[in-house]
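Read the structure below first, then the notes.
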Amino acid sequence: MPDNLYPTNTHALAKRRKELSPDASAAFEAFSHAVFADGALDAKTKQLIAVAVAHVTQCPYCIKGHTKAALRHDASEAEIMEAIWVAAEMRAGGAFAHSVLALDEMEKAATRA
C-alpha cells in the first residue's frame, strides 16, 4: 500500500476535526482513554486485541497506531503477528459459518424443483 493512499493524520487535521465537533471529539477521547486503561485486561492485551480488530476492520490508521501502542506496551512481534492470525481466522470463520445460509437456500430450491 503506498504511503499516500490515505492522508497522514497530521496535527492540523486532528485540530480541524476537533474544531468542527468539539463535544463529540472530547467524548470520543474520554471513551478511548477509558477503554484502553488497565482493568480486567492489561494495556498490552487490549492493544493486541486492537491490532487484531484493526486488521478485520481494515483501518490503516488503527493498524499503525495500535501496532505502535502494542510495541510500547511490550508486546513482541510474534504476539502481534499471532493476534493478526487470530483475526484472519475469525474473519474467514465468519464466511465459513455463514455458508449454511447458502446451503439452506440450495436445499430449499432443490425441494421446490
Out of the helices (runs of 4 or more DSSP H) lying entirely within the stretch 6-84, which hold 2 or more residues that are of a type in the set (A, V, I, L, M, F, W, C) and exposed (fewer than 13 other Cβ atoms within 10 Å of the Cβ)? 11-20, 22-36
Looking at the stretch 87-100, I want the residues that are assigned by TED's automatic domain parsing to the domain that holds A50 and have a partner that is β-branched (V, I, T) with Cβ atoms under 6 Å, at least 6 apart or on another chain. Which pairs are those? A87/V56; R91/V56
Considering only residues that are polar (S, T, N, Q) and within 24 Å of E79 (Cα to Cα), which ones fall in the stretch 16-66? S32, T45, Q47, T57, Q58
List pairs: first in the stretch 16-34 and not assigned by TED's automatic domain parsing to the domain that holds Q47, second hydroxyl-bearing (S, T, Y), Cβ under 9 Å, 6+ apart or cross-chain? R17/S25; K18/S25; E19/S25
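The values are calculated or read from the model by the stated rules, or taken from the named source; none is laboratory data. A quick note: this is a predicted structure, and the numbers were derived from the prediction, not measured. Reconstructed Cβ throughout: ideal geometry from the backbone, glycine too, with neighbour counts over all protein chains shown.
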